[in-house]
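S.K.: Quick one: the structure is below, and I'll ask about it shortly.
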Amino acid sequence: MSTTELTQKARGGLELPLRRLASAASRVRITRRTLQVVLGLFWVIDGALQLQPFMLRTSFAKQVLAPVGDGQPHFVAGPVQWVANIVAAHPVAWDVPFGVIQLLLGVGMLVPRTARLALAASLPWAVGVWFFGEGLSGLASGNASLISGAPGSVVIYGVLALAAWPRRGRSDSAPARWLPYAWAVLWLGAAVYQVLPMNNSGADLAGQITTFPGPSWLASAQNSLAGWVTHHGVAAVVVVAAAEALIGLTALSRRTLSLSAIVGLVALLAIWVIGQDFGQLYSGQATDPNTGLIGIVVAVGLLAHYCRPATVPTAALVRQRRELGARAA
C-alpha cells in the first residue's frame, strides 16, 4: 500500500469519529438562556469554593492572592500586594462577602427575571477578580500560557456573559454571532504567548505542564510528559504553538469551524486534566475550575449552534414545495 493510500485511510479513520462528535453536538440546542444557566452554575461553584475553610484564613491572602503578583510589572504587582495585605488582616470579613457575591451572581443568572441584572453585575466583578485576584493571569509580564490557565477563567466568564446577553421578549435567541471570533482570539493569543521569550524553551513548556501537580498517578504522567518536552526542546514548543494557531485560524471560517471546535475541545480537555489537574477542585484551595473547563463549554456551544449541518427537507416539505411550484406554473 502506498504512502498516499495510507494517509487517505488514516484521514478517513479520523474524519468519521470527528463527524459523529460534531453531529451529536449539533443536536443539542444552545441558546442565550442555556449559556446564562451554565454561567450561573460556574459562578455558584466559584462562590462555594470561596467559602472553603482554607479561604477563611490568612493562607488565602498569602498563598493565593500575593503570589499572583510575583514577576509582574509594578502596575499589577503593587495593587495585588495591597489587596492581599488588606485581606490578610481580616480574612473572614473579606472572604465571606466575596463568596456570597459570587453565589448571588450565579443564582441571579439561574433565575430568568434577574439574569440580565446578574450578567451586568458580573462584568465589573470579573474585571476586579481578573486584576486583583489573578494578576491579569500573567499576561502583562509575558509569562502566560493557556496550559497553566491564561487568560483566566473570569475573562471567559465575561465573554460568555456578553454572548448570552438576553434580548427583550426572547429567551431562545442564539448566542452572539461574534463568539467564534472570540474563540479564535483565545487560541491565536495562546500561540503568540507560547513563543514569547519566557515561554519558548522546552524547560518553559515543561514548567507549564507541572504548574499544578496532581495526585501521584497524575503527577507521574505530568513528569513523564514534562521530561519528554524538555528533551525535545524548541521542537515541542513549535508543535504546541502551531496547533494553537491552527485551531484559531480554522475558527475564522464557517467551513472549518467545527474542526476548530472539536480539536480545541479535545485539547482543552487534555489541558484541564494534565496541565491544570482538574482545576485542583479536590484540594480545598481552588478558587475556580480553571480555564480548561469553561473553555470546553465554549467549544460545545460552538459545535451545538454554529456548526449545525444544513437542514435536510422533509418529505412533506418537498411535497409542499412541488405543489407551490405547480400552482405557480
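S.K.: Between Val100 and Ala270, what FRET efficiency follows from the Cβ-Cβ distance if R0 is 35 Å, with the result rounded to 0.05?
M.R.: FRET efficiency, Val100 to Ala270: 0.50.
S.K.: Let me ask something else. From the phi of every residue in region 294-306, what ³J(HN,Hα) in whole Hz does the Karplus formula 6.51 cos²θ - 1.76 cosθ + 1.60 yield, where θ is phi - 60° and glycine or proline is x?
M.R.: 5, x, 4, 4, 4, 4, 5, x, 5, 5, 6, 10, 7
S.K.: Tell me, what ³J(HN,Hα) does each residue in region 263-269 have, in order and in whole Hz, if you take phi through Karplus 6.51 cos²θ - 1.76 cosθ + 1.60 with θ = phi - 60° and put x for Gly and Pro?
M.R.: Karplus values, whole Hz, x for Gly and Pro: 5, x, 4, 5, 5, 5, 5.
S.K.: Moving to a separate point now. Figure the gain on full extension for Trp178 and Asp70 (residue separation times 0.36 nm, minus the Cα-Cα span) and round it to one decimal in nm.
M.R.: 35.4 nm
S.K.: Count neighbours as other Cβ atoms within 10 Å of each site's Cβ, and list the chymotrypsin sites (Phe, Trp or Tyr not before Pro) in region 153-216 that are DSSP loop with at most 13 such neighbours.
M.R.: Here the chymotrypsin sites (Phe, Trp or Tyr not before Pro) that fit, given the DSSP loop and packing criteria, are Trp178.
S.K.: Let me ask another. How would you classify region 165-287 from its alpha-carbon gyration tensor, with a ≥ b ≥ c the square roots of the eigenvalues: rounded for a/c under 1.5, else prolate if a/b is greater than b/c, otherwise oblate?
M.R.: oblate
Just so you know, all these numbers are worked out from the coordinates, no wet-lab data involved. What you see is a predicted model; the values in this text were computed from it and never measured. Here the Cβ is made from the backbone with ideal geometry for all residues, glycine too, and neighbour counts use every protein chain on show.
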